[in-house]
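The values are calculated or read from the model by the stated rules, or taken from the named source; none is laboratory data. What you see is a predicted model; the values in this text were computed from it and never measured. Glycine also receives a Cβ, built like all others from the backbone with ideal geometry; neighbour counts cover every protein chain displayed.
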């Protein structure tokens, strides 16, 4: 079995050269309302494997995000191949087959997956498939009952990984920006676009946006008055399509403008001819209404108008405008081909950055790097923690001033200036419960451990074993408070 994904632009581009009998593929996609990104499982005869392909069409009709369907597809393909190895398929699978698959993923394979995060998501996908099979009448009984029935049954607290200033600057300038730790330009850097990379991570840090959010930003969304900030509405590219306002300070905008001047213009010039050959599969914008946040132009031969907030990443990727030198992508961060960089491209850039950081970690004064490579999401955690700490300090100072004046705080003021609620809105969390997870990281508890033991070690050179004994003895004596 092979896995493919529907790409309407490719079908339209090559419709004239498709074999006889396949020339109606474009009209078929239109008639069946097949969306881009829908997975299709094909067998050795290059025909859709059922009922798997029908399940993906069902998910597509429900409006599932293409990235979500892609992750589902790889889980289902892996399961189908495992069942085929056991002489089964999804219609004949038994409880024992699925338990064997669980054991394979968690224990037998060379690199077992994480039981709390990866397996629980995978189990939910498999459960969704068998639930649909039973509902559609393909099977009488579903082998799986509940999403956590075969998962770990555990919950995992949010793992917050944040950077201190020195670590962030090392990541931005040395890893992503191609500099040496002493600030000099590294002539061996082969990253290609250091200004683009530095601007991207600065935008991620200073806005708290997720990778899919900041990597798909369009130029009109970052428009501003000279030297001022910018702001736009985020929705379609946000997690779960949750709408929120994004505030962009002047700092990252300055870096974006530097990148646009020094690198982006060159990318646009080199790629104009290539984009011209793809003209009919692109959304060619001829009108930008920044006040209403709308773009108007031609897509697929039809006049279309879109609210930028509601434009998904796939549409943003093919959004261009006609410039003096030809077609130009309206995405901020471009790749060699002149279109928006893909998620896999950004991951490759990050891996190369980590390798550079490891190579320079012992340069001069050693910098403490974590064992695991940095993620772009660590910048979101850093934004949340820094903002939460700063707001908490401001609120404490304000309350102290009010106490000195013996003035009361209204309920509306208390809610409007609640640090957790402000950070929740900035991050786009559905519930403050998620934001509460950051409270545990406002101060590193190991700092208190080091401080507690420092006096012992400084005074008499006590070892940790001796410290433990003295603590235990003191506890028995009732002297520990």
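Of the residues that make up segment 413-424, is at least one surrounded by 16 or more Cβ atoms within 10 Å (Cβ to Cβ) and either at pLDDT 90 or above or on the phi > 0 side of the Ramachandran plot (or both)? No, there is no match, as no residue in segment 413-424 is surrounded by 16 or more Cβ atoms within 10 Å (Cβ to Cβ) and either at pLDDT 90 or above or on the phi > 0 side of the Ramachandran plot (or both). Flag: residue 430 matches the condition of being assigned to a loop (DSSP other than H, G, I, E, B), within 30 Å of residue 238 (Cβ to Cβ) and modelled with pLDDT of 75 or more. Annotation: residue 292 fulfils all but one of (1) more than 20 Å from residue 217 (Cβ to Cβ); (2) loosely packed, with under 14 Cβ neighbours inside 10 Å; the unmet one is (1).
Scanning segment 168-184 for residues that are without any contact (Cβ under 8 Å) to a residue 40 or more places away in the chain and surrounded by fewer than 21 Cβ atoms within 10 Å (Cβ to Cβ) returns 169, 173, 183, 184. For segment 122-135, which positions are in contact with a helix residue (DSSP H, G or I) (Cβ under 8 Å, 6 or more places away or on another chain) and over 13 Å from residue 79 (Cβ atoms)? Matches in segment 122-135: 132 only. Just one of the numbered conditions (1) outside the structural domain of residue 264 (by TED's automatic domain parsing); (2) modelled with pLDDT of 90 or more; (3) touching a helix residue (DSSP H, G or I) at 6+ places or on another chain (Cβ under 8 Å) is not true of residue 340: (1).
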